[in-house]
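Here is the structure we will look at, set down as structure tokens.
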Amino acid sequence: MEKETSRATRLYRALLRLLPFDFRSDFGPEMEQVFSEQRAEAAREGGKMGVWRLWLETAKGIFTTAPREHLSMLRQDSTFALRMMRKNLGFTVAAIIVLGLGIGANTAIFSVVNAVLLKPLPYEHGDRLLMLQQTTPSTGLIGSSVSVPDLMDYRRQNRSLDALVEYHNMQFILLGRSEPEQVETGVVSWNYFDVFGVKPLVGRNFGPDDEKTGAPAVLLLSFEYWERSFGGDPTVVGKIFRMNDKPHTVIGVLPPFPQYPQENDVYMPTVACPFRSDPSMIANRQMPMVRMFGRMKSGLKSTEAEADLSAVAASMQREFPNDYSGSSTLKVEATPLKTELTRDAKPTMLFLLAAAGFVLLIACANVANLNLARMVRRERELGVRTAMGASRVRLFRQLLTESFLMALGGGLLGLLLATGGLHVLTAYVVRFTPRANEVHIDGAVLLFTLAAALFVSVLTGTAPALARRDSLATALKEGGSHATLGVARGKMRSTLIVAQVAVSFLLLISAGLMVRSLINLQRVDPGFRPENVLTIQLSLDFSRYTTNEKTLGFFDSLLEKVEALPGVTSTAAAGAFPLDKSPAFNNQFVIDGQQGNTADSRPVAEFNVISPGYLQVLGIPLRSGRNFDRRDRPESAKVAIINQSLARHHWRDDDPVGHRISLDGGKTWTQIIGVIGDVHEHGLDQPASDLIYLPFAQYPQNSPALLARTQGDPMAIARTVVQRLYEVDPNQPAGRIQSLEQVRADSIAAPRLTANLLGLFALLALAIAAAGIGGVMALSVSQRTHEIGVRMAIGARPGEIIRMILRQGMGLALVGVALGMLGAFPLTHAMKSFLFAVTPTDPVTFLGVAAVLAATAFAACYVPARRAAQVDPNVALRTE
């Protein structure tokens, strides 16, 4: 027995001398005493333990080990892992960079998903807040606004809400500063911010006394406006500013919060708005003006609130039948505010999160392949450790510790990358939801990053265990640079390469379809010419321009002055212009002589008010009839121009010029004098709506847009145009100033940025997959040096060697492409709502992506193939 123990000790020490580093610090001298027993246990395992059993035994060991012993083992494993990472610095850096890119992409997108979709609303009782809309299902009309009498009835008669508040937006003119300023103003109930649970940073909130008739006019400033215009000066509270014809006192500054349905500069109570407080408006049920928001009573569902408010609507309709549309049933839609705030963002954000997840999977597969490649060089080390008695569970735990430390490094790098790119994502998200300002790195995002690192360590650390050698003797015999790649390990590496290519195909096909959609979107003929057109939003002072004559006089003078400027070819005023994001004004109309003109079946069209120069400024073609001109004045017969879409839908092949329509249910009639080309008013991806244009002279607007076509860059003369505006009225400010080309570009900014993000993920996946294929082939060549030398020694030509290596690598790539195609069909159908003018199975995109992947794989394989063809047979044979 003593002789056998001495032999075991000598073997142990001999094995230590074979290793390029010292294991004594990891196993200690006590291993010599129990070497025989542990070696026997390792032999009994025989390498047959399945991966699930391996994980189970590892977990059991962690939970059954005493805490002190567990910490000691963890310290030993971490120390050894860091030493190995330092020894293989190139591998460590490559793995951390690849994982950092994958984890960074996921962390960045998750920070958005967390802020926009997962977090509760930053309002008190946010889960009980509702947006309320009045609907008439039979006519298809959904009114975001209701009349003031309707609001009062809903407020008095409902039984499901704690509070019901109102909101509407107006543009006021703030005077008393260096220049007049047009401010977006939210007009709200006195308890509006109390219901939302928003408390001022400085000053006080509105109170019930602020909404009493005759109360002094007061203002709350939004946080953004306070910082932008007043530099965050807290002494602004108490200052008095003149808005239009009335002094207003600033009583507080609101904190930053998601403003919905739109961002405002200031807020005022309803009594301060001359239109909302007008007695005729308060009594008129046919004048929708305000939007409703409610807070449900605790324990109720939105469907219950909806049923309750719809019952109130039905009661109102029965009591005032002449004020509502025929026999159509009036209802109320109650939408949770969180759903409304995230409606546009949710599909896109989840889709991008899935794409980022694919990138992480590809990164994991790549690092797992790197791990497998490294295991070839560590065969002798692992074999020695097994011979010394280390169980497979112990080795697995050590490898897992190394993977976790690398994944943790990748997580830290990913966190840095995500933090650096957060401002770009915030600018992107703001196009979908007002919650963009809530996007930041917080505890939930840090936990997600840690979870991603754990997930990565599990995937990359488990791969080597799946391809373990069965023979300890083979492991000890095969070390060094000439070891041959085991069959199981080779299959695992090939499987990972196929998976990388397949997932890369999914990302590339998604990005390809989005790019095709974007190209199609950019090629859409908008129906107008946006080049060299300046747009300025105006809002006249309603306290001074109180009659149509004054309004027309102002615009006649302004258009004349602007058109006289050098470089300006034509000017116009319009209630709205294409792609300006203004809400559509839809209403029913009656066609003279046509059947089916009952209140429930009247056609609906969008309306716009334009001056005679509108068609010329925008380059909209006149198809038949005439344009508006100076004949169309307030005292003249009412006239209208329609677009081709409306003409096609209601007159088919007949010419509608000369026909009459009524805008007030048949009381008065308007003659159609022209038909113009269709225009994409609300988005290049939206079909042209039925549109009726009315002359500005007959329907003057107080908040129109000024349009001017120029010979050069329109923004170059913007300041000069504003100066002409001040010449007409020094107290009239200019609102938003943009070129129409910029408006058009902004209209497709969201799909463009989505395509860019997907394209970035796809290119990243492609680069990682290419590196993986190249790495596999390079390792294969290095492991087959002797075989290649023998082939060349017996007559194989370099071209044959190249073809052999290419055939092996391209075979893996083509299998991955085939699997990717199969998986792409359900994926692309799921993203159908994101596509424009391209089918989910577009053959051009599929073939193009397959060709790109194949070319990338060929390039990745060709370099190691060339290297293999340059092997010197004599040197290769001598190395064996």
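Could you list the square roots of 5 times each eigenvalue of the Cα gyration tensor of the range 729-796, that is, the equivalent ellipsoid semi-axes, sorted largest first and rounded to whole Å?
Values: eigenvalues 790, 19, 14 Å².
They are 63, 10, 8 Å, listed largest first.
For the chain, with equal point scatterers placed on the C-alpha atoms only and solvent neglected, what are the log10 I(q)/I(0) values from the Debye formula at q = 0.07 1/Å, to two decimals? Taken in order of the listed q values, log10 I(q)/I(0) reads -0.75. Of the options Y545, V188, L416, report the single residue whose Cα projects farthest towards the positive end of the charge dipole of the chain (beta-carbon charges: Lys, Arg +1; Asp, Glu -1). Toward the positive end, the furthest listed residue is L416.
For the chain, what is the accessible area per residue in Å² when the probe is 1.4 Å? Before the final figure, lay out each step's value.
Details: 39070 Å² over 880 residues.
The answer is 44 Å² per residue.
The Rg/Rh ratio for the range 713-868, using Cα coordinates for both the radius of gyration and the Kirkwood hydrodynamic radius, is 1.34.
Give the percent of DSSP beta bridges with both residues in the chain that are antiparallel, rounded to the nearest 5. Kindly include the intermediate steps, with their values, before the conclusion.
Working: 65 of 83 bridges.
For the chain, the DSSP antiparallel bridge percentage is about 80.
The distance separating the Cα centre of the range 800-834 from that of the range 654-685 comes to 53 Å.
Across every pair of different alpha-carbon atoms, what Kirkwood hydrodynamic radius in Å does the range 210-281 reach? Mind dumping the intermediate values first?
Values: mean 1/r = 0.0763 Å⁻¹.
Here the Kirkwood hydrodynamic radius works out to 13.1 Å.
Nonpolar atom fraction for the range 751-880, defined as the carbon and sulfur part of the 1.4 Å probe accessible area, stands at 68 percent. Fraction of C-alpha pairs exceeding 20 angstrom in the range 669-800: 75 percent, rounded to a whole number. Note down the net charge around K561, summing +1 for each Lys or Arg and -1 for each Asp or Glu among other residues with Cβ under 13 Å from its Cβ. In short, -4. Along the charge dipole of the chain, which of V679, A499, A511 sits closest to the positive end, that is, farthest toward it, with unit charges on the beta carbon of Lys, Arg, Asp and Glu (+1, +1, -1, -1)? Projecting each Cα onto the dipole axis, the largest value belongs to A499. For the chain, the mean residue ellipticity at 222 nm estimated from helices alone is -17000 deg cm²/dmol, where every DSSP H run of n ≥ 4 contributes -39500 (n - 2.57) and the total is divided by all residues, rounded to the nearest 500. Rg then Dmax, both in Å and based on the Cα atoms of the range 486-548: 28.1, 90.
From the Kirkwood radius over Cα pairs of the range 338-438, Stokes-Einstein at 20 °C and 1.002 mPa s returns a whole-number translational diffusion coefficient of 124 µm²/s.
Measuring nothing but how far apart in sequence close Cα pairs (under 8 Å, 6+ apart) lie, relative to its length, the chain scores a relative contact order of 16 percent.
When the accessible area of the range 681-738 is computed with all protein chains present and a 1.4 Å probe, what percentage of it is carbon and sulfur?
On the way: 1050 of 2270 Å².
Summing carbon and sulfur atoms, their accessible area is 46 percent of the total for the range 681-738.
The Cα center of the range 753-771 and the Cα center of the range 258-275 differ in position by 44 Å.
Taking a threshold of 32 Å on the Cα-Cα distance, which of the pairs K331/K667; K239/K581; K119/K246; K239/K301; K561/K581 fall above it? Intermediate results must be reported in sequence, preceding the final value.
Numbers: K331/K667 28 Å; K239/K581 34 Å; K119/K246 41 Å; K239/K301 44 Å; K561/K581 28 Å.
From K331/K667; K239/K581; K119/K246; K239/K301; K561/K581, over 32 Å: K239/K581; K119/K246; K239/K301.
Applying a 10 Å radius around every beta-carbon, put 703-716, 645-658 in order of their mean neighbour count, most first. Walk me through the numbers on the way to the answer.
On the way: 703-716: 19.3, 645-658: 15.1.
Final packing ranking: 703-716, 645-658.
The values are calculated or read from the model by the stated rules, or taken from the named source; none is laboratory data. The structure presented is a predicted model; accordingly, all values stated were derived computationally and were not measured. Cβ sites come from the backbone with ideal geometry, for glycine too, and all protein chains shown count toward neighbours. With ligands, DNA and RNA removed, areas are computed over all heavy atoms of the protein, side chains included. Shrake-Rupley method; radii C 1.70, N 1.55, O 1.52, S 1.80 Å.
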